[in-house]
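Trainee: Dropping the structure in here first, questions after.
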Amino acid sequence: MAYCFMHIQKVKSYGTLTSKYNHNYRIADVKNADKENESLNEEIICLPNGKTYIDVCRERIKEIEKNTGRKVRKDAVLAYEIVTTFSRSAFINVDEWKKANEKWMKETFDKAPDGKSNVISMVYHADEAGNVHCHTLVLPINEKGYLSARSFINGSKEMTKLQDSYAKAMEEVGLERGQKGSIATHKNIRRLYADLNNLLENIPEPEENESALSYKERILEDIKNMRASNLRECDERIQKADRRITESYMKQKQIIQKEADDMVALAHAEVERIKRENIILEKKMNELQNGNKELRLEKMELEQSVLDLREMQNQLNEYCKRRNTELKRMKLLQDRLDKLFATDPEEHRKIMDILNHTASKNRDDTFFDNR
């Protein structure tokens with residue numbers, strides 16, 4: 001089986017960037033590297049002429065702050081260093097593997113809205129003990145133009161998806177995904193190389209009169225002791241990792257429980273607030289209903305008053321008609337009396353006495369002119 005491997009490390013300081021640059025570009029002395037093979041190394045994605053990781057990173061951060069109007073946090077993840085390799089026993093086309101790595105890196109991490117590549121460097125190493133590998137430096141600039149490591153890798157699930165994606169891309173060169181959940185790290189592998197180099201440099205010379213078999217057994221015993229020491233160290237690291245995982249689990253559990261308690265308390269408070277508001281609304285509704293009843297009663301009273309006024313208006317109109325009729329009759333009678341007065345004053349006086357007497361009985365004003 002031929003496996004592909006990918007290790008991702010956060011870079012959170014310019015000092016670490018400098019260290020990575022010095023190692024990847026062989027500015028610093030690399031103990032497990034063979035200088036005779038250094039010419040086999042290759043810069044696949046090149047930095048701008050004369051610039052370092054820090055130069056490019058600072059330039060991009062200035063552009064980010066200018067474009068977004070926000071300062072990059074001091075504790076922000078500046079970059080990711082991604083180390084990729086494959087089983088040493090794998091028989092593949094290394095040039096095709098390099099191209100596949102470059103393609104996957106750009107497709108996965110080139111999200112910056114200004115169109116610039118987030119993959120600022122990829123260096124191929126063939127001079128170190130172990131298998132060939134690539135060091136890629138990526139700036140985590142997301143689609144909105146912010147420096148945001150969480151936009152690319154946010155927890156173990158996202159890391160697993162990224163590992164799956166890389167393995168899928170490497171299938172075209174004949175590689176499979178490495179073991180899921182492996183506890184091996186890049187540091188452990190480098191430590192192993194260092195121990196092997198140290199052992200090779202310190203192989204003891206055969207003692208005087210020591211047979212080849214005894215010498216072999218002594219060397220094997222040393223290797224056995226080194227292996228046992230490494231196993232003990234691995235066990236200790238596993239135990240420490242288990243303790244950290246347990247502590248992290250308990251801490252996360254407490255945080256989640258506190259958040260849940262806070263949410264329940266907020267929910268209760270919100271329920272109580274809604275209940276109080278409902279009581280107030282019910283009171284207002286009752287007041288509005290009572291007000292509506294009073295308005296309906298007032299409306300009924302007004303309608304009855306209007307009806308009464310119309311009835312009175314009708315009665316007044318009827319009275320006016322009758323009064324006008326009587327006035328016309330009395331006017332006609334007055335005209336006749338005036339004529340009678342002109343022709344027969346004595347008869348006129350008698351008639352006037354009778355009329356005034358009748359009016360007096362009816363308690364009405366004397367209408368006729370007593371001439």
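The values are calculated or read from the model by the stated rules, or taken from the named source; none is laboratory data. Keep in mind that what you see is a predicted model, and the values were worked out from it rather than measured. Note that each Cβ is placed from the backbone with ideal geometry, even for glycine, and that neighbours are counted across all protein chains shown.
Trainee: Looking at GLU43, GLU36, GLU63, which is the one that is out of contact with any helix residue (DSSP H, G or I) (no Cβ under 6 Å at 6 or more places or on another chain) and closer than 16 Å to TYR21 by Cβ? Steps first, answer last, please.
Mentor: Working: GLU36 fails: closer than 16 Å to TYR21 by Cβ; GLU63 fails: closer than 16 Å to TYR21 by Cβ.
Answer to the selection: GLU43.
Trainee: Being assigned to a helix (DSSP H, G or I), out of contact with any Lys or Arg (no Cβ under 9 Å at 6 or more places or on another chain) and either at pLDDT 90 or above or aromatic (Phe, Trp, Tyr) (or both): is that true of MET330 here? Spell out the reasoning first.
Mentor: Numbers: assigned to a helix (DSSP H, G or I): yes; out of contact with any Lys or Arg (no Cβ under 9 Å at 6 or more places or on another chain): yes; either at pLDDT 90 or above or aromatic (Phe, Trp, Tyr) (or both): no.
No: the conditions fail for MET330.
Trainee: Taking the condition surrounded by fewer than 17 Cβ atoms within 10 Å (Cβ to Cβ), in contact with a Leu (Cβ under 6 Å, 6 or more places away or on another chain) and closer than 26 Å to HIS23 by Cα, does ALA126 pass?
Mentor: Details: surrounded by fewer than 17 Cβ atoms within 10 Å (Cβ to Cβ): yes; in contact with a Leu (Cβ under 6 Å, 6 or more places away or on another chain): yes; closer than 26 Å to HIS23 by Cα: yes.
Spelling it out, ALA126 is indeed surrounded by fewer than 17 Cβ atoms within 10 Å (Cβ to Cβ), in contact with a Leu (Cβ under 6 Å, 6 or more places away or on another chain) and closer than 26 Å to HIS23 by Cα.
Trainee: With hydroxyl-bearing (Ser, Thr, Tyr) and within 15 Å of HIS133 (Cβ to Cβ) as the only criterion, which of THR85, THR108 stands out? First the steps, then the outcome.
Mentor: Numbers: THR108 fails: within 15 Å of HIS133 (Cβ to Cβ).
On inspection, the qualifying residue turns out to be THR85.
Trainee: Also: Run down GLU346, GLU301 and say which single residue is loosely packed, with under 10 Cβ neighbours inside 10 Å and not β-branched (Val, Ile, Thr). Break it down stepwise before answering.
Mentor: On the way: GLU301 fails: loosely packed, with under 10 Cβ neighbours inside 10 Å.
Checking each option against the conditions leaves just GLU346.
Trainee: Here's a follow-up. Please work out if ILE153 is in contact (Cβ under 8 Å) with a residue 60 or more places away in the chain, surrounded by 19 or more Cβ atoms within 10 Å (Cβ to Cβ) and within 28 Å of THR18 (Cα to Cα).
Mentor: When the stated conditions are applied, ILE153 does not pass them.
Trainee: Shifting gears a bit: How about segment 26-63: which of its residues are in a helix (DSSP H, G or I), under 20 Å from THR136 (Cβ atoms) and touching a residue at least 60 places away in the same chain (Cβ under 8 Å)?
Mentor: Looking only at segment 26-63, we keep the residues that are in a helix (DSSP H, G or I), and these are 35-40, 53-63.
Cutting the leftovers down to under 20 Å from THR136 (Cβ atoms) gives us 38, 40, 53-61.
Passing the criteria: GLU38, LEU40, TYR53, VAL56, CYS57, ARG60, ILE61.
Trainee: If I ask for residues that are modelled with pLDDT under 90 and farther than 20 Å from LYS103 by Cα, which ones from segment 38-59 would you list?
Mentor: First, the residues of segment 38-59 that are modelled with pLDDT under 90: 48-50.
Selection gives ASN49, GLY50.
Trainee: Quick test for you: out of ILE183, ILE153, pick the one residue that is modelled with pLDDT under 80 and hydrophobic (A, V, I, L, M, F, W, C).
Mentor: Values: ILE153 fails: modelled with pLDDT under 80.
Just one listed residue meets the conditions, ILE183.
Trainee: Failed condition for ILE153, given (1) under 22 Å from VAL72 (Cα atoms); (2) of a type in the set (A, V, I, L, M); (3) outside any loop (DSSP other than H, G, I, E, B), with all others met?
Mentor: Every listed condition holds for ILE153 apart from (3).
Trainee: Contact list please: Cβ distance under 9 Å, first residue in segment 320-349 and on the phi < 0 side of the Ramachandran plot, second residue of a type in the set (Lys, Arg) and surrounded by 10 or more Cβ atoms within 10 Å (Cβ to Cβ), pairs at least six apart or on different chains.
Mentor: Taking only residues 6 or more apart or on different chains, the pairs are LEU337/ARG371; ASP338/ARG371; PHE341/ARG349; PHE341/ARG371; PRO345/ARG371; HIS348/ARG371; ARG349/ARG371.
Trainee: Considering every residue within segment 122-140, establish whether at least one is at pLDDT 90 or above, over 17 Å from TYR14 (Cα atoms) and touching a Gly at 6+ places or on another chain (Cβ under 7 Å).
Mentor: No, there is no match, as no residue in segment 122-140 is at pLDDT 90 or above, over 17 Å from TYR14 (Cα atoms) and touching a Gly at 6+ places or on another chain (Cβ under 7 Å).
Trainee: Do you know which of the residues in segment 13-33 that are touching a helix residue (DSSP H, G or I) at 6+ places or on another chain (Cβ under 9 Å), of a type in the set (S, T, N, Q) and under 24 Å from GLU102 (Cα atoms) is surrounded by the most Cβ atoms within 10 Å (Cβ to Cβ)?
Mentor: By that ranking, first place goes to ASN24.
Trainee: Something else: Going residue by residue through segment 108-115, is there one that turns out to be over 20 Å from ILE45 (Cβ atoms), of a type outside the set (Ser, Thr, Tyr) and surrounded by 15 or more Cβ atoms within 10 Å (Cβ to Cβ)?
Mentor: To start, the set of residues in segment 108-115 that are over 20 Å from ILE45 (Cβ atoms) comprises 113.
Imposing the further condition that a residue be of a type outside the set (Ser, Thr, Tyr) reduces the set to 113.
So of that shortlist, the ones also surrounded by 15 or more Cβ atoms within 10 Å (Cβ to Cβ) come out as none.
So far as segment 108-115 goes, no, none of its residues is over 20 Å from ILE45 (Cβ atoms), of a type outside the set (Ser, Thr, Tyr) and surrounded by 15 or more Cβ atoms within 10 Å (Cβ to Cβ).
Trainee: Looking at VAL264, VAL306, VAL271, which is the one that is part of a helix (DSSP H, G or I), under 33 Å from the mean Cα position of the chain (by Cα) and over 30 Å from GLY155 (Cβ atoms)?
Mentor: VAL271
Trainee: When segment 64-93 is examined, which residues are found to be surrounded by 15 or more Cβ atoms within 10 Å (Cβ to Cβ) and free of Cβ contacts under 8 Å to residues at least 60 places away in the same chain?
Mentor: None - no residue of segment 64-93 is surrounded by 15 or more Cβ atoms within 10 Å (Cβ to Cβ) and free of Cβ contacts under 8 Å to residues at least 60 places away in the same chain, so the list stays empty.
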